[in-house]
Amino acid sequence: MEENTNPTIVADDVVVSMDYTLTVNGEVLDSSEETDPLEFLQGHQNIVPGLERELYGMKIGESKKVTVAPEDAYGTIDKDAFLEISRDEFPEDIPLEVGVELDLRDDEGEVMSATISDVQGDMVQLDLNHPLAGETLQFDIKITGLRIPTEEELEHGHVHGHDHEDYDEDFDDEFIDLVDSEEEQN
Ligand code: ZN
């Protein structure tokens, strides 16, 4: 009973290799041209839902242009997702300038990304929205490979690439700890 034959079309629980170019507002933001194709597990929200949905049934070698609305990508901009934090809560090696992206960890250990959206005197405003919130994404994609996942990959819901660490491993110390600065100020 040999069942290790590679899948022929994109379906749930298939590892997909894909060349892609991401264009937003006419500007190329990301492309696999200079890297390896993106590898991900279909059907496990490894990629934005509006793109994942369009891939079902595609074959190796097939290309497609996909336009994804914000609601099907990184969401619309949440006006409540801004925080104001005192300058002295940031490590000294972080440049406190508009546009700088940071990783934060709240008091429950939850990690989130933020972008500095304003700096006024001692106050640093952080935008917790995804940098691509509110944006329509244009993808040019080409399916370059399909394979069945390992048992472990399927269990974890993501691929374990040969050239990067498992996402599950601890990567402490890279985050700025935010200990409820909002409440402290009140
Ligand atoms: Zn894993």
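Dipole size of the range 41-118 about its Cα centre, with +1 on Lys/Arg Cβ and -1 on Asp/Glu Cβ: approximately 880 debye, rounded to the nearest 20. Other residues whose C-beta falls under 13 angstrom from the C-beta of GLN120 contribute a net charge of -3, scoring Lys and Arg +1 and Asp and Glu -1. Using a probe of 1.4 Å, the accessible surface attributed to SER63 totals some 80 Å² when neighbouring protein chains are kept in position.
Once the cut-off is 21 Å, how many percent of the Cα-Cα pairs in the range 15-127 end up in the long-distance tail? Walk me through the numbers on the way to the answer.
Details: 3425 of 6328 pairs.
Percentage above 21 Å: 54.
Rounded to the nearest 20, the size of the Cβ-charge dipole of the range 94-153 about its Cα centre is 400 debye, with Lys and Arg at +1 and Asp and Glu at -1.
For the range 1-117, what's the relative contact order in percent, using C-alpha pairs closer than 8 Å and at least 6 residues apart?
Averaging sequence separation for qualifying contacts and normalising by length gives 18 percent for the range 1-117.
When both the range 1-80 and the range 100-151 are represented by their alpha-carbon centers, they are found 17 Å apart.
With a 1.4 Å probe and all protein chains kept in place, how do ARG53, ARG147 rank by accessible area, largest first? Each step should come with its number before you reach the end.
Working: ARG53 130, ARG147 65 Å².
Descending accessible area places them as ARG53, ARG147.
Listed values for the range 143-153 are Karplus-derived 3J(HN,Hα) couplings in whole Hz (6.51 cos²θ - 1.76 cosθ + 1.60, θ = phi - 60°), namely 6, 10, x, 9, 8, 7, x, 6, 4, 5, 4, and x replaces Gly and Pro. For THR136, the accessible area of its heavy atoms, probed at 1.4 Å with every protein chain present, is near 60 square angstrom. The length gained by stretching the chain between LEU29 and ASP12 to full extension, at 0.36 nm per residue less their Cα-Cα distance, is 3.4 nm. Amide H contacts for PHE82 (H built 1.01 Å from N in the peptide plane; partners 5 or more residues away or on another chain; cut-off under 5 Å): LEU128.
For the range 49-173, what is the relative contact order in percent, using Cα pairs closer than 8 Å and at least 6 residues apart in sequence?
On the way: 167 pairs, mean separation 39.2, N = 125.
The value is 31 percent.
Model label points for ALA69 and ARG105, set 7 angstrom from Cα along the Cα-to-Cβ axis, are 3.8 nm apart. Among the GluC sites (Glu not before Pro) in the range 44-143, those located in a DSSP loop and surrounded by at most 15 other Cβ atoms within 10 Å of their own Cβ are GLU62, GLU92, GLU97, GLU108, GLU110.
The value of relative contact order for the range 36-86, using C-alpha pairs under 8 Å at least six residues apart, is 33 percent.
The values are calculated or read from the model by the stated rules, or taken from the named source; none is laboratory data. These numbers were taken from a predicted model, which means no experiment stands behind them. Note that we place each Cβ from the backbone using ideal geometry, even for glycine, and neighbour counts take in every protein chain shown. The accessibility values were calculated without ligands, DNA or RNA, using every heavy atom of the protein model including side chains. Shrake-Rupley method; radii C 1.70, N 1.55, O 1.52, S 1.80 Å.
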